[in-house]
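So the structure is just underneath, and the comments pick up after that.
The values are calculated or read from the model by the stated rules, or taken from the named source; none is laboratory data. As the structure is a computational prediction, the values presented were derived from the model and not from experiment. Neighbour counts are summed over all protein chains in view; Cβ atoms, including those assigned to glycine, are modelled from backbone coordinates with ideal geometry. When the accessible area is computed, the model is the full protein with side chains, heavy atoms only, and any ligands, DNA or RNA have been set aside. Shrake-Rupley method; radii C 1.70, N 1.55, O 1.52, S 1.80 Å.
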Amino acid sequence: MAEANWYVVHTYSGYENKVKMDIEKTIENRRLHDEILEVSVPMQDVVELKNGVRKTVAKKMFPGYVLINMVMNDETWYVVRNTRGVTGFVGPGSKPVPLSPEEIAGLAGPESSVLVDFEEGDTVTIISGVWEGTAGVIASVNESKQSVTIHVDMFGRETPVELGFDEVRKM
């Protein structure tokens, strides 16, 4: 028996989970458990910060794509390619190209990230600390440090203050 590899399948946007379910149903019906081993829609936990409230949500890492661990042959290619919502395999022409071990290892990626609903130029209010109740304008957003630098008016002069994402709220 040939070796199973991971392949990337392009789908209509928003159809990733439907494609996954349809392929899994076909695996059951045609008894292809030994040839199509796993169908995956990679998800990533993302922390969204809106109005000062943190919320963890799962987001698709690769919208419009599904990963499949399978033995490539005419039957498995046909089953996957003719699943409703699939536009094709990723690769040159009609020839699917398996992912390399380095690419598969890279799929682990960052564990989570933070999405914030403010950007440079937005006016925010500081909701904690010594500056609580003070309004300012965001000068920069540093996602890696999960902080913002805002300019507050102090004695008639703009003064930069660095605060965490959870210390400010968009006005």
Using helices alone, what [θ] at 222 nm do you get for the chain, with -39,500 (n - 2.57) per DSSP H run of 4 or more residues, divided over all residues and rounded to the nearest 500? -5000 deg cm²/dmol
Of K20/K170; K20/K55; K20/K145; K18/K55; K59/K170, which sit over 29 Å apart, Cα to Cα? K20/K170; K20/K145
What number in nm² do you get for region 13-62 if you take the convex hull of its Cα atoms and divide its surface by four? 4.4
Determine how large the accessible area of Y78 is when every protein chain is in place; take a 1.4 Å probe and give Å² rounded to the nearest 10. 120
Considering only protein heavy atoms and a 1.4 Å probe, what is the carbon-and-sulfur percentage of the accessible area of region 1-114? 50
In this structure, the FRET efficiency calculated for T56 and V90 from their beta-carbon separation, with R0 = 35 Å, to the nearest 0.05, is 0.75
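Could you calculate the contour length gain from E158 to V137, that is, 0.36 nm times the residue separation minus the distance between their Cα atoms, to one decimal place in nm?
Numbers: separation 21, 0.36 × 21 = 7.56 nm, distance 0.98 nm.
Residue separation times 0.36 nm, minus the Cα-Cα distance, leaves 6.6 nm.
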Once all protein chains are kept in place, D34 shows an accessible area at probe 1.4 Å, nearest 10 Å², of 110
Whole-Hz ³J(HN,Hα) for each residue in region 9-16, computed from phi via Karplus 6.51 cos²θ - 1.76 cosθ + 1.60 with θ = phi - 60°, x for glycine and proline: what do you get? 10, 8, 10, 5, 4, x, 9, 4
Given 0.36 nm per residue, what is the gain on full extension from K18 to H151 after removing their alpha carbon distance, in nm? 43.2 nm
Stokes-Einstein D in µm²/s, Kirkwood radius over Cα pairs - region 58-109 at 10 °C with 1.306 mPa s viscosity: 126
Distance between modelled label sites at H33 and T125, nm, 7 Å Cα→Cβ extension: 5.9
Can you report the principal axis dimensions of the chain using only the alpha carbons, biggest first, rounded to whole angstrom? 76, 28, 24
Choose one answer from K20, K60, K145: the residue with the largest mean-square fluctuation in a GNM of the chain with alpha-carbon springs under 10 Å. K145
